[in-house]
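The values are calculated or read from the model by the stated rules, or taken from the named source; none is laboratory data. Predicted model only: the values in this text are computed from it and were never measured. Neighbour counts run over all protein chains shown; Cβ positions are idealised from the backbone, glycine included.
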Amino acid sequence: MSTSRTPTLDPAKDRSQVRQKRMIAEHFERLARAKEEGRAVVYTFVPGNLTELIGAVGTLPVLPEINALQSGMRGRSGAYITEAEKSGHSEDVCTYVKCDIGMLRSGNIGPTGTKIPEPDLLLLSYTGCFTFMKWFELLREQYKCPVVMLHVPYQADGVITPEMRQYVVRQLRDKVVPALEKVSGRRLDLDELSQRLALSARAEDDLVAVWESARHRPSPIDGYFGGVYYIGPIFSAFRGTEDAVAYYRELREEIEARVAAGEGPLCPDGPLGPERYRLVVEGPPNWTSFNDFWRMFSREGAVVVASTYTRVGGLYDTGFRHDPAHPLESLADYCLGCYTNLSLPKRVELLERYIRDYQADGFMINSVKSCNSFSAGQLLMLRELEKRTGVPGGFIESDLVDPRYFGKANIENRIQSYLQMLEARRQGGYA
Ligand code: SF4
C-alpha cells in the first residue's frame, strides 16, 4: 500500500485543482513580499474569518490553522509538535496550536517554502472555540503586536436575535474596522467591501451546488475527503475575490460533468468503484495520514455524502449568503452562523438533516481528543442521531496533526467492522 502523504487527485483532469494550486502559490508570494511592499499582514482564524474586510483595506490574511494542516499533510507536524512540547506545551493542547508554535520556533516557513511574515495585527474573531483566545495570547507574547477581538455571542438557543447582530456590528464598526485601518493606513471603502461580498455570494452559490450534487447516485463528490479541497479557497484567503468566483464556477462545471457521465468521485487511487455505502461524517479529518485514512473508506466503496467539518468556515447550504446590501450585518450573521458557534442541539439537527437529505446508510464520528470544540458531546450526538434516524453510527478516534495519535490498524479495523455491520443490516442480518 502506498503511503504517499500528498493527495494524488489528477490535476490534468481537474482544472479547478490547478487553479487552486496557482492561487495559493500566488498568495504566499504576496505574503513573502508584503513587508517590502508595505502591506500589513493580519493573522486570523477560519471560523468567523472576515476575509472581505481584510482585503477591502488592502491587508493580507494568514490563517494559522491552514498552515498547521498543511504541515500535517507534508509530514512536518510531528517535529513541530515535539518542539512545542519541549517548550512546555502539554500533550492535551490542541495540536494545531502546538504545530503552529513549533513552526514559528523553526523559522516560520510556510507550506510553499517561503517565510511567512510576522503579523501586524491579530484579528481574533471568537466563534465558539476557547482555544482561539489562548492561541493568540501566545502569538501576542511572541510578536508583541496588537490584538483586536470580535466577540461573537454563542447561539445557545439556536437563533440569531437582532440584538446579537447589532452587538457584533457595533464591534465591527467601532473596533475591528479602526484597528484594520490603523495597520493598513487606508480607510475602509464600504462600496469596495460590498463588491467583495457580492463576489462571495456568487462563489457560495456554486459551492452549495457542489455539496448538493451528492444527492445523486452515485455521488459525484466525496463531501469530506474530497470536500476539504473544495473549501480551500473559500475558507482561506480568497472569499470575495474574482479568483474564488472562477474557481467555484469551474469546480461546479466539473462536478456537473461527472453527474452527467454517472461518475463517482476521484479518490487517492483513482475513480471510486461501485458506490456501496453512503456516509455522513462529523469531526475534522486526520491530516498526517490523510490518503491512508481516505483509502480506508474508498477501497470499501464508501463515499461521504456530507460532513460538518467542511462547514466550519461557513454554513451556506442552510441558506446564508453574504449580502452586499448590508455589509456589516451580513458579516455579523456569517460569524454568528459558523458551525463552531452552534449549540449541540443545532449540530444534531444539521447532521440529522444531512443523513435524511443525502440518504445516508450510516454516519461516522471522527473524534479528535485535542479539539474540545468538536469532540465535546459527540457520544451524546451519536446516540441521539441513532434514535432520531434509525441509522447506525460509528465512532473512531484520531488526531488532527499529531502522528502519534493515528493508530492505523485500529482505525482500519473499526471502519471495516462498521461497514460489515452496515452490510449485514442490508442483508437483513441485524434488526
Ligand atoms: S480546539 Fe479545535 S476548533 Fe479550536 S482551534 Fe483547535 S482544532 Fe480548531
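Brief remarks on what is shown
- With respect to the stated conditions, Arg388 is charged (D, E, K, R) and away from the ligand (no atom under 16 Å from the Cβ).
- Qualifying residues in region 404-424 (those that are crowded, with 16+ Cβ neighbours inside 10 Å and modelled with pLDDT under 95) - the one nearest to Thr95 (Cα to Cα): Tyr405
- Residue count, region 29-53 (criterion: more than 16 Å from the ligand (Cβ to nearest atom) and either assigned to a loop (DSSP other than H, G, I, E, B) or small (Gly, Ala, Ser) (or both)): 9
- Listed by first and then second residue, the pairs with beta-carbon distance under 9 Å, at least 6 apart or on different chains, first residue in region 308-329 and within 21 Å of Ala237 (Cβ to Cβ), second of a type in the set (Asp, Glu) and within 16 Å of the ligand (Cβ to nearest atom), are Tyr309/Glu282.
- Filter result (within 16 Å of the ligand (Cβ to nearest atom) and within 18 Å of Asn410 (Cα to Cα)) within region 285-313: Pro285, Asn286, Trp287, Thr288, Phe290
- Test set (1) within 22 Å of the chain's Cα centre (by Cα); (2) under 26 Å from Leu344 (Cβ atoms) - Phe406 fails condition number: (2)
- Residue ranges of helices (runs of 4 or more DSSP H) in region 297-381 with at least 2 members modelled with pLDDT of 95 or more: 327-336, 344-357
- Count of region 89-121 residues which are over 30 Å from Glu181 (Cβ atoms) and within 15 Å of the ligand (Cβ to nearest atom): 10
- Residue ID - nearest to the chain's Cα centre (by Cα), chosen from residues in region 87-101 that are at pLDDT 95 or above and either farther than 18 Å from Phe45 by Cβ or among the hydroxyl-bearing types (Ser, Thr, Tyr) (or both): Tyr96
- Sole residue being over 22 Å from the mean Cα position of the chain (by Cα), within 16 Å of the ligand (Cβ to nearest atom), assigned to a helix (DSSP H, G or I) and over 23 Å from Met23 (Cα atoms), chosen from Ala84, Ala79: Ala84
- Failed criterion for Ile411 (all others in (1) within 18 Å of the chain's Cα centre (by Cα); (2) within 18 Å of Ser289 (Cβ to Cβ) hold): (1)
- Per the conditions (1) touching a Ser or Thr at 6+ places or on another chain (Cβ under 6 Å); (2) part of a loop (DSSP other than H, G, I, E, B); (3) under 27 Å from Ile355 (Cα atoms); (4) not hydroxyl-bearing (Ser, Thr, Tyr), the sole criterion not satisfied by Glu263 is (1).
- The number of residues in region 358-372 that are within 12 Å of the ligand (Cβ to nearest atom) and hydroxyl-bearing (Ser, Thr, Tyr) comes to 2.
- Scanning region 55-75 for residues that are over 16 Å from the mean Cα position of the chain (by Cα) and farther than 30 Å from Glu37 by Cα returns a single hit, Gly75.
- Within region 122-234, helices (runs of 4 or more DSSP H) holding 1 or more residues that are more than 16 Å from the ligand (Cβ to nearest atom) and over 18 Å from the mean Cα position of the chain (by Cα): 130-143, 162-171, 177-184, 190-212
- Any chance Asn67 is within 16 Å of the ligand (Cβ to nearest atom) and assigned to a loop (DSSP other than H, G, I, E, B): no
- A Cβ distance below 6 Å, combined with a sequence gap of six or more or placement on separate chains, defines the contacts here; from region 88-113, residues that are touching a residue at least 60 places away in the same chain (Cβ under 8 Å) reach residues that are more than 14 Å from the ligand (Cβ to nearest atom) and aliphatic (A, V, I, L, M) in the pairs Gly110/Ile116; Thr112/Ala25.
- Every pair of residues 6+ apart whose Cβ atoms lie under 7 Å, when the first sits in region 31-53 and is of a type in the set (Phe, Trp, Tyr) while the second is in a loop (DSSP other than H, G, I, E, B) and within 13 Å of the ligand (Cβ to nearest atom): Phe45/Leu63
- From Glu212, Glu256, Glu250, residue being over 30 Å from Pro61 (Cα atoms), in the same structural domain as Tyr334 (by TED's automatic domain parsing) and modelled with pLDDT of 95 or more: Glu256
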